[in-house]
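Reading through the structure tokens given below for one structure.
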Amino acid sequence: DAKTTQPTSMDCAEGRAANLPCNHSTISGNEYVYWYRQIHSQGPQYIIHGLKNNETNEMASLIITEDRKSSTLILPHATLRDTAVYYCIVRIGSGNTGKLIFGQGTTLQVKP
Amino acid sequence: NAGVTQTPKFQVLKTGQSMTLQCAQDMNHNSMYWYRQDPGMGLRLIYYSASEGTTDKGEVPNGYNVSRLNKREFSLRLESAAPSQTSVYFCASTRGRAFYEQFFGPGTRLTVL
């Protein structure tokens, strides 16, 4: 599975968009980009995933660059409850065991 | 649906003691996983079970054993606990290998003295 690089921490003002970057320059053609978050030592929570196209769901949007070497998770209107550690994970979508390799993640602090 | 449940929530052991962490899911998922998370670190995979009847090692399997008791239950055993195993343990499940969303339990906070 490809390695990912994320900033250690970020701040965001409440109500503003939070843009969390992730670099995955060694990603291969059959690898997906996943985002999970972990709020204050709870179990991680799935947010979104994508392969090539941009994706949006009720929680967030995922923008993947055309060369797929980086991506950005966007929380459109961050709230205090979005304060968490956000993990960007790359792995193949099928034909594997489904195991996830977590890095250090980005600690997002949403401030009033 | 309770989702993924773990017992106990907290446990304190002395070095050399043994214990089993229990995990159960009621979502009819095929694959189950055990992770550990040390303070300030990301999660690391200990063992996983891609389907009922199979188990495989993850990144950090030493000092642990697992049992996939049935489709619902996946237990993690520490035969002789060591202080280095002080951690938070998370169980997770997913429908199958090709499905992308893993559901996590609330965690077991284990301290080994």
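What follows draws every value from the coordinates through simple rules; no lab data is involved. Because the structure is predicted, anything quoted here is derived from the model rather than measured. Heads up, the Cβs are rebuilt from the backbone with ideal geometry, glycines too, and the neighbour counts pull from every protein chain shown.
A few notes on this one:
- Most mobile listed residue (A:I101, A:I89, A:I74) in chain A, GNM with C-alpha springs under 10 Å: A:I101
- Footprinting exposure proxy ranking of B:W34, A:W35, fewest other C-beta atoms within 10 angstrom first, gives A:W35, B:W34.
- Within 10 Å of the Cβ of each residue in B:102-112, the mean number of Cβ atoms contributed by other protein chains is 3.
- Mean projected area in nm² (Cα convex hull; one quarter of hull surface) for region A:1-79: 5.6
- Fewest-first ordering of B:R77, B:R68, B:R109 by other beta carbons within 10 Å of each residue's beta carbon gives B:R77, B:R109, B:R68.
- Pairs of lysine residues in chain A - Cα separation under 28 Å, sequence separation of 8 or more or cross-chain: 6
- The relative contact order of region B:1-86 comes to 32 percent, based on Cα pairs under 8 Å that sit 6 or more residues apart.
- Rg and Dmax over the alpha-carbon atoms of chain B stand at 13.2, 40 Å.
- Each Lys and Arg contributes +1 and each Asp and Glu -1, all at the Cβ; summed about the Cα centre of chain B, the dipole is approximately 100 debye.
- Counting neighbouring beta carbons within 10 Å and listing from fewest to most, the residues B:F10, B:F103 come out as B:F10, B:F103.
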